Amino acid sequence: MNKYQNISNDGFKLNYCVKGTGKPILVIGSSVYYPHLFSEHLYDTFQFIFLDHRGFVRPPRTLEPKDYILDKILDDIEIARQALGLTNFIILGHSGHAFMALEYAKKYPDHVQKVVLLNSAPTNSEERQRQSVAFFNETASPERKKQFEKDIALLESDIMKDPERRFVHMCIRMGAQSLYDYTFDAAYMWEDVYTNMPIIDHLWGEAFGELNLIQSLAGFNKPIFIGLGRYDYLVAPVSLWGSVDDTYESVKKVIFEYSGHNPMFEEPQSFDKELIKWIGESK
């Protein structure tokens, strides 16, 4: 059982939990969901701090559009960093949270030593989403497609029964696009995860579609680890990152060949080895 504390900013109570000891790695996202994904082996080497953002906490008031903007979330992270006394730390963002991690490091670079970006496409634009759907339809195995069709058919009824957890239901029912083992049921990971849908809708539907991580790398010289899953159809194909090659001296890109959207969970030994090696070697 994880022990939770919270940091308040602008009325939002952002929960966090700490696992392990060593060099601090701040993981942005849900403090309930993300501890499921990383191996105990990593907690022997690093101190992981799992921090909520506004999209995963109950609103303190009726929200206005100004409460949703990405800059507010970046400021929340900075308030949390100050409260936690973090200096010379690594910030990690997975999936949509990769946009948050890199934008935070650009806005508040002083105490960020390195950045880890996992399983994100360079942008969440509608055009890129269409590309990912097309790639799945053209390259996924018949068995994977059949499992996806079976699962996604249940999404509408899930949402009708529990509309406030629409994001969670979608993540669960899209398992055949997000997991190497497309028969694996990841529903347990999402238990007790609260989702603030107006904020999530804005971030994933608008803010992340206006950003491009490859463009954001320009002029950013801190070490960056980019981890991708070969079978991560949610943000496929990995060739979207093809322009990030050896000419990006500060970037380490690793493709995990037997993973979908969560290589830290699906290939823990390979993931741990690559991450530990990179943290030790990159300056």
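The values are calculated or read from the model by the stated rules, or taken from the named source; none is laboratory data. Remember, it's a predicted structure, so these values are computed and weren't measured experimentally. All Cβ positions, even for glycine, are placed from backbone atoms using ideal geometry, and neighbour counts span all protein chains on display.
Points worth noting:
- Of the residues making up the range 143-163, just one is outside any helix (DSSP H, G or I) and exposed (fewer than 11 other Cβ atoms within 10 Å of the Cβ), namely ALA153.
- Single residue of the range 28-71 satisfying the filter (charged (D, E, K, R) and surrounded by fewer than 17 Cβ atoms within 10 Å (Cβ to Cβ)) that is nearest to the chain's Cα centre (by Cα): ASP71
- Scanning the range 238-283 for residues that are basic (Lys, Arg), at pLDDT 95 or above and either in contact with a Leu (Cβ under 9 Å, 6 or more places away or on another chain) or farther than 26 Å from HIS36 by Cβ (or both) yields a total of 1.
- Residues of the range 25-40 that turn out to be free of Cβ contacts under 8 Å to residues at least 60 places away in the same chain and assigned to a helix (DSSP H, G or I), as a count: 2
- Residues of the range 171-230 that are outside any helix (DSSP H, G or I), within 18 Å of the chain's Cα centre (by Cα) and of a type in the set (A, V, I, L, M): MET174, LEU179, ALA186, VAL193, LEU211, ILE224, ILE226, LEU228.
- Filter result for GLY227 (under 17 Å from ASP181 (Cα atoms) and modelled with pLDDT of 95 or more): no
- Where VAL238 falls short, out of the listed (1) buried (at least 17 other Cβ atoms within 10 Å of the Cβ); (2) touching a residue at least 24 places away in the same chain (Cβ under 8 Å); (3) under 30 Å from ASP158 (Cβ atoms): (2)
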